[in-house]
């Protein structure tokens, strides 16, 4: 024997009544919509926007300024690690390549010690 809830029967009746009603907009609403449409049609179209620059298109394709700032931060970090790598990176590359190579980016004397000129002549 199946028990039924009286609330379910009441809900079923309400949903059946709601299905019988055809939703239709009122005449006043339709008149306002048509009046707004006529007003919009009489407004002249705005002047066409100029084509965005190539840099704007690239920025939009990448994802805008947030993505560009992330790329700039990653670039700076990569250059920093490349110029002055941490000791763990140096050890890894030495074990990977077999020998250690160091390059001095900045020299101590810059070639201008003891009165030498940039062209190498001592005058």
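Search the range 38-64 for residues being in a helix (DSSP H, G or I) and exposed (fewer than 10 other Cβ atoms within 10 Å of the Cβ), and hand back the single one that is modelled with the lowest pLDDT. Step by step, filter the range 38-64, then rank; the result is 42.
Against the condition surrounded by 10 or more Cβ atoms within 10 Å (Cβ to Cβ), in a helix (DSSP H, G or I) and touching a helix residue (DSSP H, G or I) at 6+ places or on another chain (Cβ under 9 Å), how does residue 11 come out, does it pass? Quick ask: steps written out before the conclusion?
Details: surrounded by 10 or more Cβ atoms within 10 Å (Cβ to Cβ): yes; in a helix (DSSP H, G or I): yes; touching a helix residue (DSSP H, G or I) at 6+ places or on another chain (Cβ under 9 Å): no.
No; evaluated as a whole, the condition is false for this residue.
The values are calculated or read from the model by the stated rules, or taken from the named source; none is laboratory data. Bear in mind that the values here come from a model prediction, so they are computed numbers and not experimental data. Positions of Cβ are backbone-derived with ideal geometry, glycine not excepted, and every protein chain shown enters the neighbour counts.
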